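What follows is a set of notes on a single structure, which appears directly below.
The values are calculated or read from the model by the stated rules, or taken from the named source; none is laboratory data. Source: prediction; values computed, not measured. Positions of Cβ are backbone-derived with ideal geometry, glycine not excepted, and every protein chain shown enters the neighbour counts.
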Amino acid sequence: MERTALRNLRGQVAALVRRAEAGETIVVTVHGREVAQLGPARRDPWRTWAEVQNIFARPVDTDCVADRDSVNQIIEDPFDERSRTPSRQRRHRSQPPE
C-alpha cells in the first residue's frame, strides 16, 4: 500500500485515480497521520443463475409464522401525535410531569 502526503495529492490525482481503478489502495497522510484511502470503488457483483437458485434452494424457516405472530401487530408512527397512546404523549416543557 503506497502512502502519499495530502500536499502531493494535487499534482498526482489523475495518476493515483488510475492506479486505484486498477485495484491499488493509496493511503493519504497529513503530517504523517493516515487520514484517507483512495482505492477501487466497491461494486456489487452480478450473480449467476446457479447462485440465485442456491439461495432459494435453502431450507424454509419453519418458525417464521410463529415469529411474526408473536410480534405486537399495532403499528404506531412515532412522529404522529394522533397515533400516540396517552402514556406516550409528549408533554410541553411548561407542563409538569404527571
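For region 65-73, indicate whether the set of residues that are assigned to a loop (DSSP other than H, G, I, E, B), at pLDDT below 85 and among the charged types (D, E, K, R) is non-empty. Can you show your working first?
Taking region 65-73 first, the residues assigned to a loop (DSSP other than H, G, I, E, B) are 71-73.
Pick out the ones that are also at pLDDT below 85 and you get 71-73.
Checking the rest, the ones that are also among the charged types (D, E, K, R) come to none.
Within region 65-73, none of the residues are assigned to a loop (DSSP other than H, G, I, E, B), at pLDDT below 85 and among the charged types (D, E, K, R).
Do the conditions hold for Gly23, that is, is it within 27 Å of the chain's Cα centre (by Cα) and on the phi > 0 side of the Ramachandran plot? Before you say what the answer is, go through the steps one by one.
Values: within 27 Å of the chain's Cα centre (by Cα): yes; on the phi > 0 side of the Ramachandran plot: yes.
So Gly23 passes the test.
Quick check on my filter: what residues within region 29-64 are surrounded by 10 or more Cβ atoms within 10 Å (Cβ to Cβ) and assigned to a loop (DSSP other than H, G, I, E, B)?
Gly39, Pro40, Arg47
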